[in-house]
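Below: the structure, in structure tokens.
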Amino acid sequence: MIGSSGVFVRPAVKEDTLAIADMLRDEGLSLPPADKPDLVVEHWERLWDDNPYYKESKEPVFYGWVLIDSDKVVGFFGYMPRVYFLNGKMITVQISTNWAIHKSYRRFAYSLCDAMFNGRAADLKITTTAIEQTGKIFSMFLSKRYPDPDFGYAQVIPLRIEKLLKEKFAKYRNVLAPLDIPARFINYFLPVSVKSRLIWNTKEVQQITIENLPPDFHEFWNSYLETSSGLIASRSPEVMKWVYADVKNEQRKRIFVYRNPETNRLEGYSSLILEPVVSNPEIKRYKVGDILYLNETAKNALIKAMIKYSLTDGADVMEVHLVRDISSEDIPVYHVPRKTAAFPVFYHTSDAELSEFLSEKNNWYFTPYDGDTILG
């Protein structure tokens, strides 16, 4: 695809890896450092070469599109294919990632977007952006902005209060300093402490590692998929291992499974993500990353187990962002809502069934499952 002034767009190839990474760093995106090229290549291979979509579809790996000027990479629009299901039918979803163009070449943004939307087929294409002009460009290619769902709140469970008080009333830190000891004393008498330490028995829930994913997890996922409706990202064992095997974040994720104590059948799974508070990294925060369950018993046991784990692991707070799967009424301890930031999402599909489905705001559901935009 040739643009004006000799600038053109072509498919990215693996040999472009380091040049793309250099360009993305210049534009402020976070990538492994330039002096560690092996980590750059490893990062690239994880996102694309090892993507389970390519293993299931047998298609050749496709990285995205590069904008080239005199053999120099001046722009990149990558997207990762993901395995999704709509009412049990597998579909292809392409999620945009690492889109950037050097400032002096941004007049060629149209050509790069044209390649993204018209150069390679997919059932659904999704991108998130905090930049208004980017949204306008996507709208030019018949992308629609998702109908705002009521998902902009998280439920916050305070587990230890001394750091939270200091964060909430930072300008009164010196005044609050004498409260440190009383605050620690109060911690023990918080409802969450009493219930999780003295009442809850969560022996049906086990913590596992992704390397030791139970052999019957595939059976659990198939059972869940058979009973679910709507659009949902795959949680097959292959996909799970890809999502959770991020070397950089491996120690941040905790995975749990629930087994029926009578039948030993796996009936639920959940995960926690250790994510510091940006404004105060000293606050230890766990976020519920994902939860699937076949019945309410499994769901309730997993919720209690995650709260108990967060507490005993020394977290100051646990947050629940899964507004559809875990309602306020499901949380058995004191909690408060917190407004969360949300970037606009644009989507593009030529599939009539998908288009009708996505036009309803209640069919949109975002989770921290893979740390990016995910439906269902």
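For the range 16-98, a Kirkwood radius taken over Cα pairs fed into Stokes-Einstein (37 °C, viscosity 0.692 mPa s) yields D = 235 µm²/s.
Here the range 4-144 is assigned +1 on the Cβ of each Lys and Arg and -1 on the Cβ of each Asp and Glu. Its dipole about the Cα centre then comes out at about 600 debye. Each residue of the range 41-57 is assigned a 3J(HN,Hα), and the resulting list reads 5, 4, 4, 4, 5, 5, 5, 10, 4, 8, 4, x, 4, 5, 5, 7, 8 Hz, derived from the Karplus form 6.51 cos²θ - 1.76 cosθ + 1.60 (θ = phi - 60°), x at Gly and Pro. 3J(HN,Hα) along the range 257-272: 10, 10, 10, 4, x, 8, 9, 6, 6, 6, 10, x, 8, 8, 9, 10 Hz, from the Karplus curve 6.51 cos²θ - 1.76 cosθ + 1.60 with θ = phi - 60°, whole Hz, x for Gly and Pro. Close amide H pairs (under 5 Å, H built 1.01 Å from N) link Y153 with T340, residues at least 5 positions away or on another chain. Here the Karplus curve 6.51 cos²θ - 1.76 cosθ + 1.60, taken at θ = phi - 60°, turns the phi angles of the range 70-77 into couplings of 6, 6, 9, 6, 10, x, 8, 10 Hz, with x standing for Gly and Pro. Applying both filters, DSSP loop and at most 14 other Cβ atoms within 10 Å, to the trypsin sites (Lys or Arg not before Pro) of the range 24-90 gives K58. Between amide H atoms placed 1.01 Å from N, distances below 5 Å from R10 occur with V66, I68, all of them 5 or more places distant or on a separate chain.
The H on the amide N of T92, modeled in the peptide plane, is under 5 Å from the matching H of D123, L124, each at least 5 residues off or on a different chain.
Ratio of Rg to Rh for the range 4-144: 0.96 [Cα atoms; Kirkwood radius as inverse mean 1/r over pairs].
All of the numbers you see were taken from the coordinates with simple rules; none came from a lab. Keep in mind it's a predicted model, so treat the numbers as computed, not measured. Counting neighbours? That spans all protein chains shown, and the Cβs are built from the backbone with ideal geometry, glycine included.
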